[in-house]
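These notes are about the structure you will find just below.
Please treat every number below as a calculation from the coordinates, not as lab data. Since this is a predicted model, take the numbers as computed values, not measurements. As a convention, Cβ positions derive from the backbone with ideal geometry for all residues, glycine included, and neighbour counts pool all protein chains shown.
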Amino acid sequence: MNNKPASTKDFEQEWDRLMWHLMGSTPYPVWQYLQGQNVEALVNHREQFLKDIKLASSLDEKEPQIAFAVRDCVGKLVNILRLKLDGLVLLANVGKHYQLTSDASIAGTSVHFGEPQEELGVAISVESAMALVIATNVVPCWACLGPTGLKTLQVPETVRKVRVFCDVEPSGVMQEAATALSTRLQETGRTVTVFTPPCAALGLSGKVCWHDAWMMAGCDLLHL
């Protein structure tokens, strides 16, 4: 048995085998997933924001799989996140099961929804990041996939302004990670602002992610 860690070349070869578009259009299962999460508007900006999302199963698979590229801050592919959907894909509460292709550390990396120039949004989940691209009028947003990814995220040298969209977690782990990232980036001269979902305005409590808030408020999200 070969236990050699997967290389960038291995990931690139696997990524190239997956389906990004079909005759110039987004594959239907991917479109259904985007619509169910209320982020299908990004299809109009597919070249800019959806290059790192692909179909990882056949078109007629009953439980489709979506793949997201996990990259470092300069765009190097370091892993692939697979999302298996269980249930009606068009529903917001479709079952979601995430798994990385490799068990190698993804600290400091993220799923990129757009490549920034001077401004970057940072979120936790892929769904939150896609929603925030729309809510911020197409500012690129990267999904860190958890508190470790948030705390250790590396951003491009050109980025001078960072908006950190931190989920509300009763344990405080997300807020601690957001504070650590903010402090580290501010020490490099960047302007960093941390936002949490407008829970009071939406009547939400407990564990709340930005995508939850997006599903309730839509494009009014950042004005609450």
Legend entry - 11 Å beta-carbon shell around residue 199, net charge (K/R +1, D/E -1): -1
Inset, instruction - Going by C-beta contacts inside 10 Å, put 212, 72, 103 in order with the fewest on the left. - result: 103, 72, 212
Inset, instruction - Would you mind checking which residues have amide H under 5 Å from residue 57's amide H? H placed 1.01 Å from N; only 5 or more apart, or other chain. - result: 65
Legend entry - Kirkwood-based Rg to Rh ratio, the stretch 1-154, C-alpha trace: 0.94
Inset, instruction - Enumerate the helices in the chain for which the Kyte-Doolittle hydropathy averages 0.0 or more and the C-alpha atoms extend at least 18 Å along the helix's axis, using complete DSSP H runs. - result: 173-186
Inset, instruction - Evaluate the relative contact order of the stretch 140-199 (contact order divided by residue number), counting alpha-carbon pairs under 8 angstrom at least 6 apart; express in whole percent. - result: 39 percent
Legend entry - the stretch 52-135: relative contact order in percent, alpha carbon pairs under 8 Å with at least 6 residues between: 22 percent
Legend entry - Dipole magnitude (debye, nearest 20) for the stretch 1-130, charges at Cβ of Lys, Arg, Asp, Glu: 260 debye
Legend entry - Residues of type lysines that residue 207 reaches as a straight line, Cα spacing below 26 Å, ignoring anything fewer than 8 places off in the same chain: 84, 96, 151
Legend entry - Area projected by the alpha carbon convex hull of the stretch 9-93, averaged over all directions, nm²: 5.8 nm²
Legend entry - Whichever aspartates and glutamates have a C-alpha closer than 19 Å to that of residue 54, once near sequence neighbours (fewer than 8 apart) are set aside: 10, 12, 14, 16, 40, 63, 72, 86, 115, 127
Inset, instruction - Give me the percent of DSSP beta bridges within the chain that run antiparallel, rounded to the nearest 5. - result: 65 percent
Legend entry - Positive-end residue, the chain charge dipole about Cα centroid, Cβ charges, pick of 68, 192, 205: 192
